[in-house]
Amino acid sequence: MPGIDHPAAAAESLARVRGSRPLVHSITNLVAMDLSANVLLALGASPAMAHAEAEVAELARRAAALMINIGTLSPDWVPAMHRAATVARAAGRPWVLDPVGCAATRHRGAVAKELLWLGPTLIRGNASEILALAGRRADATHGVEAGDTVEAAREAAAQIARANGCVVGVTGETDLVTDGRRSLEVAGGHPMLTRITALGCALSAACAAFLAVEADPLMATAHAFAVLKVAGARAAAGAAGPGSLRVRLLDEIYGLDAAALRAAARIR
Amino acid sequence: MPGIDHPAAAAESLARVRGSRPLVHSITNLVAMDLSANVLLALGASPAMAHAEAEVAELARRAAALMINIGTLSPDWVPAMHRAATVARAAGRPWVLDPVGCAATRHRGAVAKELLWLGPTLIRGNASEILALAGRRADATHGVEAGDTVEAAREAAAQIARANGCVVGVTGETDLVTDGRRSLEVAGGHPMLTRITALGCALSAACAAFLAVEADPLMATAHAFAVLKVAGARAAAGAAGPGSLRVRLLDEIYGLDAAALRAAARIR
Amino acid sequence: MPGIDHPAAAAESLARVRGSRPLVHSITNLVAMDLSANVLLALGASPAMAHAEAEVAELARRAAALMINIGTLSPDWVPAMHRAATVARAAGRPWVLDPVGCAATRHRGAVAKELLWLGPTLIRGNASEILALAGRRADATHGVEAGDTVEAAREAAAQIARANGCVVGVTGETDLVTDGRRSLEVAGGHPMLTRITALGCALSAACAAFLAVEADPLMATAHAFAVLKVAGARAAAGAAGPGSLRVRLLDEIYGLDAAALRAAARIR
């Protein structure tokens with residue numbers, strides 16, 4: 001995508017998040033709630049967590065964007081997810097599907113598929129999850145994906161994006177964002193970031209905040225990915241381990257300035 | 001309230017919390033559990049989290065105080081909240097209602113109202129929540145309340161306190177505590193504290209600990225507010241961002257000594 | 001147990017956890033999820049949290065070990081716990097029962113007992129919990145157990161271990177691990193560790209990771225206890241309070257090297 005200064009555009013998106021403080025409604029897993037809410041607050045967005053079927057429709061309509069993550073499913077959460085997604089779509093709000101662990105059990109695979117039918121704006125997952133959504137099996141062991149798995153996931157991402165009219169973001173050592181026609185890669189980050197739980201889930205929440213302020217979902221996703229990769233690399237540089245990395249990550253997201261982001265973002 | 005050395009009284013309350021380690025039963029939201037338990041432990045209190053209807057009555061009776069927070073409602077949690085509140089009240093235990101987000105959806109508004117009818121000792125909320133409880137609408141955007149919203153919330157707080165025979169604590173840049181006749185203001189804190197999720201919820205849990213050791217709920221609430229504001233300001237002074245602020249806040253609560261609290265508490 | 005260099009064996013177990021990255025399925029309480037997952041990741045293991053009855057059997061079978069913790073029970077979680085434990089046992093996977101707070105309410109006591117009947121490999125609790133499982137009452141106040149409570153818990157642990165053919169680990173100032181015939185003590189740690197919520201729960205998850213890589217459950221448990229005690233003491237040495245202690249603990253677990261563990265582990 002020549003002619004676009006992606007790092008500068010990412011800095012502008014971040015400024016818009018900070019300026020407009022979008023309300024992001026999240027129905028997310030029990031492990032990820034704390035970090036997701038804190039990442040949204042550090043970004044300047046406003047988190048709202050709610051999963052009761054009795055209130056999700058009202059909140060999904062009021063919020064600027066919605067994020068649904070299936071990491072720790074409870075039976076009564078699934079209809080609430082359906083309802084929130086349906087209302088968000090009907091109201092023209094962007095919504096993100098994070099199909100955490102959809103490769104791990106048939107139940108999650110089925111729940112992820114049904115949510116996919118409700119028309120997410122963005123699907124954000126790792127290579128195994130995106131492959132599973134496309135009906136293929138990953139050979140990933142312990143989250144470390146072999147090169148051919150990554151390649152297969154890229155093809156699957158483009159196929160899912162075209163078939164569903166959405167954007168697919170595949171995170172890994174280098175992230176891929178595609179809408180089936182256009183695609184962007186986001187490089188950077190740090191290996192120690194895989195040692196913090198729920199960081200991918202928090203990234204999905206961050207994507208929702210960027211989708212609320214940037215009309216092109218491909219760009220919005222790449223910008224959110226770049227912000228987390230840059231802040232993550234800066235945080236890792238001085239971290240003694242994953243405990244301090246998580247603390248420093250929130251500080252870096254909060255303090256990230258436009259110049260630093262423009263200088264370090266690697267989007268192409 | 002002339003004639004009372006509030007900072008010295010706050011230091012005495014804190015010493016009593018540390019000395020008697022009150023068991024605080026919390027039925028709180030999924031986002032706030034970790035921070036609330038850690039704030040209680042840092043204060044010297046003993047947290048107990050339980051929401052199953054089958055066990056809340058037994059725990060509410062055993063505990064020194066109860067805190068109920070409606071931040072992330074599940075259908076089966078509501079009857080458990082009713083049961084716990086009813087038992088706590090019948091047993092003469094103080095209990096705190098934190099009506100998180102009751103202005104956000106009709107469902108939460110209704111749940112908050114029904115809990116209000118069960119006679120909380122203290123209601124702790126922000127200006128929008130207190131206004132919503134009083135049946136009025138806030139013009140708050142993104143948690144930043146306009147001056148007239150704050151003024152209206154103060155009137156609503158006094159009205160709710162008188163109508164329900166309870167104390168109402170309204171947190172904001174300056175906190176207000178009122179029982180409808182007497183009122184106290186607590187100043188201090190730091191703006192960055194609004195960038196940590198669940199801090200208000202954790203404060204409500206802290207209030208329950210202070211209610212367990214101080215007979216006058218107006219005083220107990222003001223003391224808890226002052227401890228969090230002083231520790232929060234000290235924590236913010238050296239924080240690089242919200243990640244380190246949260247870590248330092250727990251350290252400051254844990255290490256806060258009587259002299260520092262007396263010197264810095266601004267209660268009047 | 002003469003003739004065994006326990007610290008060296010603990011270092012070997014830790015190396016095996018890091019090398020094989022065992023998948024640990026946890027059905028744990030809402031307060032403990034974040035810390036448990038982060039402790040597992042810092043150790044080098046792979047956490048999977050799932051509690052839906054529709055998927056626990058599949059996950060329990062796939063995982064290398066299972067951990068069940070009853071800290072915040074919901075009605076629909078209990079049958080899922082039964083199902084996961086039954087599948088894990090049938091598949092020959094080790095599983096850990098953490099009967100958090102089973103002394104606090106009759107409901108938890110009953111749930112803990114029924115899980116005990118499903119044949120855990122290891123039961124990990126504090127003195128009060130182990131006494132309650134044995135049908136006795138502790139005189140513990142606020143988690144500080146009197147000397148005679150600790151002594152009684154040791155007898156109860158050996159009795160439970162023999163009656164159920166399992167290992168029982170009792171944590172406290174000095175930890176005890178027993179299978180009813182053999183027993184080991186693990187010393188070390190730091191008093192400030194009691195001021196962090198869910199650390200015992202996270203230790204139970206760590207035990208599951210060690211059970212996945214060490215055939216003798218008595219040894220595996222002692223090794224996990226020693227790793228947490230050594231990392232905890234190192235973390236506490238430079239901590240300003242419980243906030244930084246928790247951060248430093250994850251860093252120390254992540255960075256703990258074999259030589260440091262061998263030098264500091266006190267298992268006998």
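Shown are A:Arg61, C:Arg154, B:Arg136, A:Arg137, whose ranking by accessible area with a 1.4 Å probe and every protein chain present, most to least, is A:Arg137, A:Arg61, B:Arg136, C:Arg154.
For A:Ala237, the label point sits 7 Å beyond Cα toward Cβ; its separations from the matching points on the remaining copies run 2.9, 2.9 nm, from shortest to longest.
Each Lys or Arg adds one and each Asp or Glu takes one away; over the other residues whose Cβ falls under 15 Å from the Cβ of C:Val213, this sums to +1. Please find, in a Gaussian network model of chain C (springs between Cα atoms separated by less than 10 Å), the residue of C:Ile68, C:Ile123, C:Ile160 whose mean-square fluctuation is greatest. Result: C:Ile160 has the largest fluctuation of those listed. Taking a sphere under 9 Å around the Cβ of B:Arg106 and counting the other residues whose Cβ falls inside, with K and R at +1 and D and E at -1, yields a net charge of -1. Excluding same-chain neighbours fewer than eight residues apart, the aspartates and glutamates reachable from A:Lys229 by a Cα-Cα span under 15 Å are A:Glu173, A:Asp175, A:Glu185, A:Asp251, A:Glu252, A:Asp257.
Residues whose amide H comes within less than 5 Å of that of C:Met67, counting only those at least five positions distant or on another chain, are C:His25, C:Ser26, C:Ile27, C:Val96 (H built at 1.01 Å from N in the peptide plane). Taking amide H positions as modeled 1.01 Å from N, with prolines and chain starts lacking one, the residues under 5 Å from B:Thr72 and 5 or more places away or on another chain are B:Asn29, B:Leu30. Using Cα springs under 10 Å in a Gaussian network model of chain B, which residue among B:Ala226, B:Ala48, B:Ala209 shows the largest mean-square fluctuation? Result: B:Ala48 has the largest fluctuation of those listed.
Counts of other chain beta carbons within 10 angstrom of each beta carbon in peptide C:56-68 average 1. Computed about its Cα centre, the charge dipole of the protein assembly as shown is approximately 200 debye, with only Lys, Arg, Asp and Glu carrying charge at their Cβ. Shape of region B:176-268 from the C-alpha gyration tensor: prolate (a/c of 1.5 or more and a/b above b/c, with a ≥ b ≥ c the square roots of its eigenvalues).
Calculate how many DSSP beta bridges within the protein assembly as shown are antiparallel, expressed in % of all such bridges and rounded to the nearest 5. Restricted to the protein assembly as shown, the bridges split so that about 35 percent are antiparallel.
Each Lys and Arg contributes +1 and each Asp and Glu -1, all at the Cβ; summed about the Cα centre of chain C, the dipole is approximately 220 debye. Between C:Ala259 and C:Arg182, the modelled label-to-label distance comes to 3.0 nm, taking each label 7 Å out from Cα in the direction of the beta carbon.
From the Cα trace of chain A, what convex hull volume per residue do you get, rounded to a whole Å³?
It comes to 109 Å³ per residue, whole-number rounded.
Build a GNM of chain C with springs between Cα atoms under 10 Å apart, and of C:Arg16, C:Arg181, C:Arg108 the one that fluctuates most is C:Arg181. Projecting the Cα atoms of B:Ala236, B:Val56, B:Ala132 onto the charge dipole of chain B (Cβ charges, centred on the Cα centre) puts B:Val56 farthest toward the positive pole.
Helices in chain A that qualify as membrane-span-like (whole DSSP H runs, Cα extent of at least 24 Å along the helix axis, mean Kyte-Doolittle hydropathy of 0.5 or higher) are A:217-237.
Sorted shortest first, the separations between the A:Asp5 label point and its copies elsewhere in the assembly read 6.2, 6.2 nm; each point sits 7 Å from Cα along the Cα-to-Cβ line.
Computed with a 1.4 Å probe over protein heavy atoms only, the accessible area of A:Thr171 comes to about 30 Å².
Distance between the modelled labels on C:Glu114 and C:Arg268, one decimal in nanometres: 4.4 nm (7 Å Cα→Cβ projection). Shown for C:Ala259: label points 7 Å from Cα along the beta-carbon vector, and their distances to the equivalent points in the other copies, 4.3, 4.3 nm in ascending order. Size of the protein assembly as shown from its Cα atoms: along the principal axes, largest to smallest, the extents are 74, 73, 43 Å. Report the net charge of residues surrounding A:Glu185, where surrounding means a beta-carbon distance below 12 angstrom and charges are Lys +1, Arg +1, Asp -1, Glu -1. That sum, taken over residues with Cβ under 12 Å, equals +3.
Estimated from helices alone, the mean residue ellipticity of chain A at 222 nm is -16500 deg cm²/dmol (sum of -39500 (n - 2.57) over DSSP H runs with n ≥ 4, per residue).
The values are calculated or read from the model by the stated rules, or taken from the named source; none is laboratory data. Predicted model, so just to flag it, every value in this text is computed and none were measured. With ideal geometry, Cβ positions are generated from the backbone for all residues, glycine too; neighbour counts draw on all protein chains shown. Just the protein is used for accessible areas: all its heavy atoms, side chains included, with ligands, DNA and RNA removed. Shrake-Rupley method; radii C 1.70, N 1.55, O 1.52, S 1.80 Å.
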